[in-house]
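For reference, the structure is listed below as structure tokens.
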Amino acid sequence: MSKDLKKRFDRIVEILIQLQSKRIVKAKELSDRFEVSLRTIYRDIKSLEQAGVPIIGEAGTGYSLVEGYRLPPVIFTKEEAMSFVAAEKLTQKFLDKSISDHFIAAMYKVKAVLKINDKDIVAAIENQIVMNKSNYDIFNHEVPHAFTTFFESIADRKQIKLCYRGVSDDLPQTRIIEPIGLFHESGFWYIAAYCLKREAYRQFRADRIHAITLTSVNYSKEHISIGDFLAGRTEYIQRTHVRIAVDKDISGYLQWERSFYGFISQEDRTTHVEMTFETRNIDVFARWYMMFADKAIIIEPDILKETVRTLISKSLKKINT
């Protein structure tokens with residue numbers, strides 16, 4: 001078999017597997033995944049039909065398999081099996097206990113269909129991958145099933161009752177919400193949802209949830225997508241343009257943290273690195289800046305200089321008390 005023919009054969013098999021993964025698969029999805037033209041995808045679909053695979057649909061609408069049609073058990077490659085091991089480690093750190101436990105159970109099924117040699121390889125590497133826990137909790141351990149509940153809510157369009165403590169709340173408050181999606185940002189998971197109390201879209205941080213209950217009440221209306229929520233949130237957030245000059249011997253230590261404060265770009269100068277930010281909160285930025293203030297200069301804006309001066313003045317008063 002020639003190299004091109006084998007490549008096409010492999011692609012057709014992967015297309016068949018993807019057709020089993022969801023109700024409808026659009027030709028554009030397949031074209032983007034395999035980086036081939038739509039015409040090539042149409043030809044591959046035709047080949048599957050000629051081979052007796054019962055495919056429903058046509059170009060422009062999407063394709064699906066006749067209900068009940070399944071391939072025999074899938075055999076994973078060694079590389080795919082190793083990628084699952086890495087994913088399993090990530091779930092233990094970044095997902096709540098319920099979802100992590102489900103993934104571990106699924107991994108037993110994956111390992112069950114591996115070849116003997118591949119099982120040995122997986123066993124050898126899974127003990128060599130260590131994910132250290134974060135120095136802060138990204139979930140409330142009293143609510144180990146939060147993600148499962150949110151997934152069920154979104155799938156069934158049922159409201160959720162939350163016991164939630166916001167950053168300014170003395171005690172947890174009851175909220176009724178209609179989730180539209182989840183996103184990860186600045187080291188935390190957030191739930192985007194329509195809040196019936198506020199009658200507006202809000203985001204709720206997972207670690208601040210103290211209790212969660214899936215209700216039997218349907219969503220009150222149709223909602224925007226998670227993409228629209230994030231785009232709108234970014235559009236209406238007020239940002240302040242900031243430029244600072246940081247000594248080169250300290251700039252390297254800021255590479256990871258700077259992304260949390262609206263980092264845009266940097267330029268190397270002779271003795272320093274000039275960094276540009278678009279920050280959402282000048283007070284928070286000022287407090288971060290004070291961590292390395294002796295190694296940096298504020299170029300602009302003046303409000304940042306004034307904020308830093310105020311914080312320093314307050315700190316000196318407390319020190320001298």
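Below is a table of values for the structure above.
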{"read-out": "Close pairs (7 angstrom Cβ cut-off, 6 or more residues apart or separate chains): touching a residue at least 60 places away in the same chain (Cβ under 8 Å) and open to solvent by 70 Å² or more (accessible area, probe 1.4 Å) in region 218-233, basic (Lys, Arg) and not in a helix (DSSP H, G or I) anywhere", "value": "ASN218/ARG157; ASN218/LYS158"}
{"read-out": "Verdict on LYS93 being among the basic types (Lys, Arg) and open to solvent by less than 50 Å² (accessible area, probe 1.4 Å)", "value": "no"}
{"read-out": "Residue in region 237-251 that is at pLDDT below 90, in contact with a helix residue (DSSP H, G or I) (Cβ under 8 Å, 6 or more places away or on another chain) and open to solvent by 40 Å² or more (accessible area, probe 1.4 Å) present", "value": "no"}
{"read-out": "Residue among PHE84, PHE76 that alone is in contact with an Asp or Glu (Cβ under 8 Å, 6 or more places away or on another chain) and either open to solvent by 70 Å² or more (accessible area, probe 1.4 Å) or not acidic (Asp, Glu) (or both)", "value": "PHE76"}
{"read-out": "Selected residue [farther than 30 Å from ILE56 by Cα, among the basic types (Lys, Arg), in contact (Cβ under 8 Å) with a residue 40 or more places away in the chain and part of a helix (DSSP H, G or I)] from LYS119, LYS89, LYS111", "value": "LYS89"}
{"read-out": "Any hit, region 254-264, residues being at pLDDT 95 or above and either under 21 Å from the mean Cα position of the chain (by Cα) or loosely packed, with under 12 Cβ neighbours inside 10 Å (or both)", "value": "no"}
{"read-out": "Scan of region 1-36 for residues that are open to solvent by 60 Å² or more (accessible area, probe 1.4 Å), farther than 21 Å from TYR69 by Cβ and either of a type in the set (A, V, I, L, M) or assigned to a loop (DSSP other than H, G, I, E, B) (or both), ordered by number", "value": "MET1, SER2, LEU5, GLU35"}
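So that you can scan it fast, the table gives a plain yes or no per residue for (1) within 30 Å of GLU222 (Cβ to Cβ); (2) under 24 Å from the mean Cα position of the chain (by Cα):
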| position | (1), (2) |
| --- | --- |
| ALA81 | no, yes |
| VAL113 | no, no |
| ASP118 | no, no |
| VAL143 | yes, yes |
| ARG165 | yes, yes |
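The values are calculated or read from the model by the stated rules, or taken from the named source; none is laboratory data. None of these values were measured; they are calculated from a predicted model. Don't worry about glycine lacking a Cβ; one is built from the backbone with ideal geometry, like all the others, and counts go over all protein chains shown. With ligands, DNA and RNA removed, areas are computed over all heavy atoms of the protein, side chains included. Shrake-Rupley method; radii C 1.70, N 1.55, O 1.52, S 1.80 Å.
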